[in-house]
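*Asks:* Here you go, one structure.
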Amino acid sequence: MTRVPLALYAQDPILESGVRYQLRTRPEVELLKPDEEERAAVALVVVDRLDEETVRLLRRLQRSSTARVGLMVGHVEQNVLHTTVECGVAAVIRRSDVSQDRLVAMITALVRGEGVLPGDLLGRLLEQVGRLQRKVLDPRGLTLSTLTAREADMLRLVAEGMDTAEIAMKTSYSERTVKNVLHEVITRFSLRNRAHAVGYVMQHGLI
């Protein structure tokens, strides 16, 4: 088993010693010393609450470290979700929910590229994303996929085998508009042609 190199950043010595005690016997985790932090695959920040000092630390890690960041926090306040997303935090866990196994599960999920959130925070995140789509993106004809609704519709029709004239008839746009829209997508993503565009957006889940 490959051990996960872990850099630990704790708000005070008591929090740090508690986490080190939980992890020191686990074969999945290699606890790094402060002078070894550049080797970290995962950075675990342990705090009582998300204060300005913690936010500065999270932003520094976002800028200067390749490690994926997890946050263990005592008090989950209103700003936690917004700040963690802004600072690139990939996992959040409440200290009250932590057991040795759950902590190790979060660390190993991070190293696999996964994200971890408590259920209520996940629900809040989805609600905020939905609000963003309805109030900001929809009025502008945009989507979270980085394709406009019109672009996505035309690429779906290309995927169905339609040519420019058929797409124009189906969408009630001129053939020139269809060509311009598809050309814009091909240029934006540095693709070769329409077939490449369809393959790209399908592979990345954009349509």
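The values are calculated or read from the model by the stated rules, or taken from the named source; none is laboratory data. These numbers come from a predicted model, not from an experiment. Glycine also receives a Cβ, built like all others from the backbone with ideal geometry; neighbour counts cover every protein chain displayed.
*Asks:* Which helices (runs of 4 or more DSSP H) sit wholly inside the stretch 126-207 and have at least 2 residues that are under 30 Å from V85 (Cα atoms) and in contact (Cβ under 8 Å) with a residue 40 or more places away in the chain?
*Replies:* Values: elements: 149-159, 164-171, 175-188, 194-203.
Once the helices (runs of 4 or more DSSP H) in the stretch 126-207 are filtered for at least 2 residues that are under 30 Å from V85 (Cα atoms) and in contact (Cβ under 8 Å) with a residue 40 or more places away in the chain, what remains is 194-203.
*Asks:* Next question. Among the listed residues S65, S96, which satisfies the condition of being exposed (fewer than 14 other Cβ atoms within 10 Å of the Cβ) and of a type in the set (G, A, S)?
*Replies:* The unique qualifying residue is S96.
*Asks:* Being touching a residue at least 40 places away in the same chain (Cβ under 8 Å) and either over 19 Å from G123 (Cα atoms) or among the hydrophobic types (A, V, I, L, M, F, W, C) (or both) is the filter here; which residues of the stretch 70-85 pass it?
*Replies:* Answer for the stretch 70-85, where residues must be touching a residue at least 40 places away in the same chain (Cβ under 8 Å) and either over 19 Å from G123 (Cα atoms) or among the hydrophobic types (A, V, I, L, M, F, W, C) (or both): M72, V76, V80, L81, V85.
*Asks:* From (1) surrounded by 14 or more Cβ atoms within 10 Å (Cβ to Cβ); (2) under 18 Å from the mean Cα position of the chain (by Cα), pick out the condition that doesn't hold for R60.
*Replies:* (1)
*Asks:* Does V85 satisfy being over 15 Å from A40 (Cβ atoms) and crowded, with 17+ Cβ neighbours inside 10 Å?
*Replies:* So V85 fails the test.
*Asks:* I would also like to ask the following. With the structure loaded, tell me whether V104 is of a type in the set (A, V, I, L, M), modelled with pLDDT of 85 or more and not assigned by TED's automatic domain parsing to the domain that holds L44 or whether it fails that test.
*Replies:* no
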